[in-house]
Amino acid sequence: MLAIGVILFSEDRRVVPKQVYSQHIYCGNSEYYAIKKSCCTSEIQRIQLSFIELLEQIAEFEKAEFTSSSKKPIIDITKPKLVPINEGGTTELLNKEILRLQQENEKLKSRLKTIEIQTTNALDEKSKLERTLQDLQIDQENQQDFIKAHDLDDLENTVAALRDEFQKTLNDQTENQKSLEQNLAAAKHDLLRVQEQLSLAEKELEKKFQQTAAYRNMKEILTKKNDQIKDLRKRLAKYESED
């Protein structure tokens, strides 16, 4: 704190003893330190500056009083009468400033308490929101896991059903192929057997036909016709050579 010298005077403009001034300053300092202890930490520096400005104003006031009083004659030196501290403007101004600072301190304390309550409520609300968000995230993850597991089960069941159906179809095709191969082999055997039977039947038929009279007559007629054709070709060739 800035140290400022203050001089008090009696009614006859004599200097007030140091002890009275010290008591006055000590009283002011006590009130000041009492205020200082009750103020919020964040406002201490500003209050100190305000108090220093107040002391400077007091010093200026006392200096002006001392200058104006030095030009006036001393009325009575033998009977000095001290001016009561509460009658001076300095004490009244100091008390007003202290009262103002106390009121402002109470306002600040009330505001600080309100802010603390609001901050606590905000932190509680933030914690609740964070817990709610975490719960929602957990629920979402659980739902996603459940959906994934459910979808995975459905997919596995679908794949298993398709695999079974494919295996059944493959088995059916294999059985059909075997059956077709067997039927084809049987058909080939039947065809060979039928062809053999047909050949035998044709031979038997030809043999029987050759043994009939009609076959013999037809054969004789065909032989005669062939001989006549051969004779005609020879005669024709002879005539062509003579020409």
Name the single residue, out of those in the stretch 124-148 being among the polar types (S, T, N, Q) and modelled with pLDDT of 80 or more, that is farthest from the chain's Cα centre (by Cα).
127
Right, residue 90: surrounded by 16 or more Cβ atoms within 10 Å (Cβ to Cβ) and at pLDDT below 80 or not?
yes
Any residue in the stretch 149-162 that is at pLDDT 85 or above, in the same structural domain as residue 59 (by TED's automatic domain parsing) and surrounded by 10 or more Cβ atoms within 10 Å (Cβ to Cβ)?
no
The residue from 171, 95 that alone is out of contact with any helix residue (DSSP H, G or I) (no Cβ under 7 Å at 6 or more places or on another chain), assigned to a helix (DSSP H, G or I) and farther than 30 Å from residue 55 by Cβ is 171
Could you grab the pairs with beta carbons closer than 8 Å, sequence gap of 6+ or different chains, first residue in the stretch 90-101 and more than 17 Å from residue 63 (Cα to Cα), second one of a type in the set (Ser, Thr, Tyr) and assigned to a helix (DSSP H, G or I)?
97/50; 98/32; 101/50
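The values are calculated or read from the model by the stated rules, or taken from the named source; none is laboratory data. Predicted, not measured: the structure shown is a model, and the values here were computed from it. So basically every Cβ, Gly included, is an ideal-geometry build from the backbone, and we count neighbours across all protein chains shown.
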